[in-house]
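The values are calculated or read from the model by the stated rules, or taken from the named source; none is laboratory data. None of these values were measured; they are calculated from a predicted model. Note: ideal-geometry Cβ built from the backbone for every residue, glycine included; neighbour counts use all protein chains shown.
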Amino acid sequence: MALATAGCYNPDSDLLQKVESLGLYKGLRKALGLSPGEILDEVARSGLRGRGGAGFTAAVKWEAALRSPGGPPYLVCNADEGAPGTFKDRVILEADPHRLIEGLLIAALALGSTEAFVYLNHGYALARRRLARVLEQAGAEGLLALPGRALKVSIFPAPGSYISGEETALLETIEGKRGVPRPRPPFPTESGLHGRPTVVQNVETLSCLPFIITGGAAAFRRLGTSGSPGTRVFSVSGDLMRPAVVEMPCGTTLRRVLEAAGAKPLPGRSWKFFLLGGAGGGILPASMDSIPLDFEAPARLGLSLGSGAILAFDDSRSAARAACQAAAFFAEESCGWCAPCRQGTAMQHAILEDMLAGSSRPEDGELLGAVIEALRLGSACGLGQAASRAVETARRAFPDEFPAGYGEADQ
């Protein structure tokens, strides 16, 4: 059942009159008849968790912002989507932008927000045009005039670096500063944009809110699992004929998600492994494609589903090479703010390049293990902490592709 992508098959999804005739904005109109506390309670009962990567419970984040002094919280939609293989938010933005705006308005009602930002990937030109159009339509129809206030919604073009998608780094860039993560605490819900409480949610999370308000928390919970209610939207790409975006209940197996996306290996090939969650998610062997895709099962294997990217690799590929490419990405994208990430990502990549070139030294395997531990334990933000996940999981799943002393079992 499609929730966040329900309108993506409507060719007129950027026209207000058309989407209203199909039921969009019913959630907003219902929410306008509820108190902020009632909206918050419904979202809390739904168990909605953030779809941007960390999976933090949305209602808990909202409650923390409402408890913090400093005025009504800012609301920020993170639409940066800079992780490799992740494009499902782009599809929602381009194909069903009114659903995002409805979700944004519902969240603003619950939070009492007077100002919101859509922090948009700078390369999403079509999404920007469509968002600007739907905001103009919503303003003309009075939908931005919330009780007692007008909600100001601004589109902020992200600067184009991977780190700028981290929730505190994006606040820095909106303030006109260099996009580097902030030390925490304080968390954004306590002191975020311009020192005020701030709630950051991604596109998919906000796009679930219209269904939760119209259908009710119980209907949302009937989808997915007890710990991961609702649906997830997956970006599926890699060694296949056609990339796809598919929405499935949380807990659906990887194999079933691939089938629903129409993802098949190229002729004469078979799947070898999958990179879940993009570069920082981890490598899973194809033999484990029965894993449920929720917030819990991948974590038990040291993986992360992240923002829902699935990259499929066939048997012509090397898991060690894929891990090296992920390491190269993090070495390039590190903001350089903290030493463990600044130096660790570069060292990790250099060691793996030497290994693949056959020029590694005997002590490099032990050094790689130490670098991985330093990245995981010492990096200042979650992006640096995930920089070694593809390498760790590749070593565990495909030890034969690493020289003696490099595999996890050798450490």
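Spot the failing condition for Ser290; the list is (1) of a type in the set (Gly, Ala, Ser); (2) out of contact with any strand residue (DSSP E or B) (no Cβ under 7 Å at 6 or more places or on another chain); (3) assigned to a loop (DSSP other than H, G, I, E, B), and only one is missed.
The number of the failed condition is (2).
Condition (residue is touching a Phe, Trp or Tyr at 6+ places or on another chain (Cβ under 6 Å) and at pLDDT below 95) applied to the stretch 11-23: is it met by at least one residue?
Narrowing the stretch 11-23 to residues touching a Phe, Trp or Tyr at 6+ places or on another chain (Cβ under 6 Å): none.
Looking through the stretch 11-23, none of the residues is touching a Phe, Trp or Tyr at 6+ places or on another chain (Cβ under 6 Å) and at pLDDT below 95.
Sort out for me the helices (runs of 4 or more DSSP H) sitting completely within the stretch 74-171 that have 1 or more residues that are basic (Lys, Arg) and farther than 21 Å from Val43 by Cα. Steps first, please.
Numbers: elements: 88-95, 97-111, 125-140.
Filter on the stretch 74-171 gives 88-95, 125-140.
Is it true that some residue in the stretch 339-360 is closer than 22 Å to Arg51 by Cβ, surrounded by fewer than 18 Cβ atoms within 10 Å (Cβ to Cβ) and modelled with pLDDT under 95?
no
Count, please, the residues in the stretch 355-403 that happen to be of a type outside the set (D, E, K, R), without any contact (Cβ under 8 Å) to a residue 40 or more places away in the chain and in contact with an Asp or Glu (Cβ under 8 Å, 6 or more places away or on another chain).
Final tally of qualifying residues: 2.
What do you reckon, is Arg133 of a type in the set (Lys, Arg), in the same structural domain as Pro157 (by TED's automatic domain parsing) and surrounded by fewer than 24 Cβ atoms within 10 Å (Cβ to Cβ)? First the steps, then the outcome.
Details: of a type in the set (Lys, Arg): yes; in the same structural domain as Pro157 (by TED's automatic domain parsing): yes; surrounded by fewer than 24 Cβ atoms within 10 Å (Cβ to Cβ): yes.
The answer is yes for Arg133.
Name the single residue that is surrounded by the most Cβ atoms within 10 Å (Cβ to Cβ) among those in the stretch 221-263 being under 22 Å from Pro84 (Cβ atoms), free of Cβ contacts under 8 Å to residues at least 60 places away in the same chain and β-branched (Val, Ile, Thr).
Result: Val246.
For the stretch 291-308, state whether one or more residues are of a type outside the set (Phe, Trp, Tyr), in contact with a His (Cβ under 6 Å, 6 or more places away or on another chain) and either touching a residue at least 12 places away in the same chain (Cβ under 8 Å) or crowded, with 17+ Cβ neighbours inside 10 Å (or both).
Here is the first cut: in the stretch 291-308, the residues of a type outside the set (Phe, Trp, Tyr) are 291-294, 296-308.
Restricting the remaining residues to those that are in contact with a His (Cβ under 6 Å, 6 or more places away or on another chain) gives none.
No.
If you check Ser318 against the conditions, is it modelled with pLDDT of 95 or more and either surrounded by fewer than 18 Cβ atoms within 10 Å (Cβ to Cβ) or in the same structural domain as Gln348 (by TED's automatic domain parsing) (or both)? Before you say what the answer is, go through the steps one by one.
Values: modelled with pLDDT of 95 or more: yes; either surrounded by fewer than 18 Cβ atoms within 10 Å (Cβ to Cβ) or in the same structural domain as Gln348 (by TED's automatic domain parsing) (or both): yes.
Yes; evaluated as a whole, the condition is true for this residue.
If the requirement is being modelled with pLDDT of 95 or more, of a type in the set (A, V, I, L, M), surrounded by 22 or more Cβ atoms within 10 Å (Cβ to Cβ) and under 17 Å from the mean Cα position of the chain (by Cα), which of these qualifies: Leu48, Leu93, Leu3?
Every option except Leu48 fails the conditions.
State whether one or more residues within the stretch 173-181 are over 16 Å from Ile92 (Cβ atoms), aliphatic (A, V, I, L, M) and in a helix (DSSP H, G or I). So that I can check it myself, show each step before the final result.
From the stretch 173-181, those over 16 Å from Ile92 (Cβ atoms) are 173-181; that's our starting set.
With aliphatic (A, V, I, L, M) added as a condition, the list becomes 174, 180.
The next check asks that each one be in a helix (DSSP H, G or I); those that pass are 174.
Scanning the stretch 173-181, I find at least one residue that is over 16 Å from Ile92 (Cβ atoms), aliphatic (A, V, I, L, M) and in a helix (DSSP H, G or I), so the answer is yes.
Anything in the stretch 284-308 that is among the polar types (S, T, N, Q) and at pLDDT 95 or above? List them, or say none.
Ser287, Ser290
When the residues of the stretch 264-287 are narrowed to those that are touching a residue at least 60 places away in the same chain (Cβ under 8 Å) and of a type in the set (A, V, I, L, M), which ends up surrounded by the fewest Cβ atoms within 10 Å (Cβ to Cβ)? Steps first, please.
Looking only at the stretch 264-287, we keep the residues that are touching a residue at least 60 places away in the same chain (Cβ under 8 Å), and these are 273, 275, 277-285.
Remaining after also requiring of a type in the set (A, V, I, L, M): 275, 279, 283-284.
Details: Leu275: 31, Ala279: 28, Ile283: 27, Leu284: 24.
Ranking the candidates gives Leu284 first.
Just to be sure I understand, how many residues within the stretch 296-325 are part of a helix (DSSP H, G or I) and either under 17 Å from Ser161 (Cβ atoms) or in contact with a Leu (Cβ under 6 Å, 6 or more places away or on another chain) (or both)?
Of the residues in the stretch 296-325, 2 are part of a helix (DSSP H, G or I) and either under 17 Å from Ser161 (Cβ atoms) or in contact with a Leu (Cβ under 6 Å, 6 or more places away or on another chain) (or both).
Need the failing condition index for Glu115 against (1) charged (D, E, K, R); (2) crowded, with 17+ Cβ neighbours inside 10 Å; (3) without any contact (Cβ under 8 Å) to a residue 24 or more places away in the chain, just the number.
(3)
Applying the selection to the stretch 383-411, what residues are surrounded by fewer than 16 Cβ atoms within 10 Å (Cβ to Cβ), modelled with pLDDT under 90 and part of a helix (DSSP H, G or I)?
Matches in the stretch 383-411: Ala409, Asp410.
Which members of the stretch 233-259 meet the condition of being among the charged types (D, E, K, R) and either assigned by TED's automatic domain parsing to the domain that holds Glu42 or in contact with a Pro (Cβ under 7 Å, 6 or more places away or on another chain) (or both)? Talk me through it step by step, then tell me what you get.
From the stretch 233-259, those among the charged types (D, E, K, R) are 239, 242, 247, 255-256, 259; that's our starting set.
Of everything in the stretch 233-259, just one residue is among the charged types (D, E, K, R) and either assigned by TED's automatic domain parsing to the domain that holds Glu42 or in contact with a Pro (Cβ under 7 Å, 6 or more places away or on another chain) (or both), namely Asp239.
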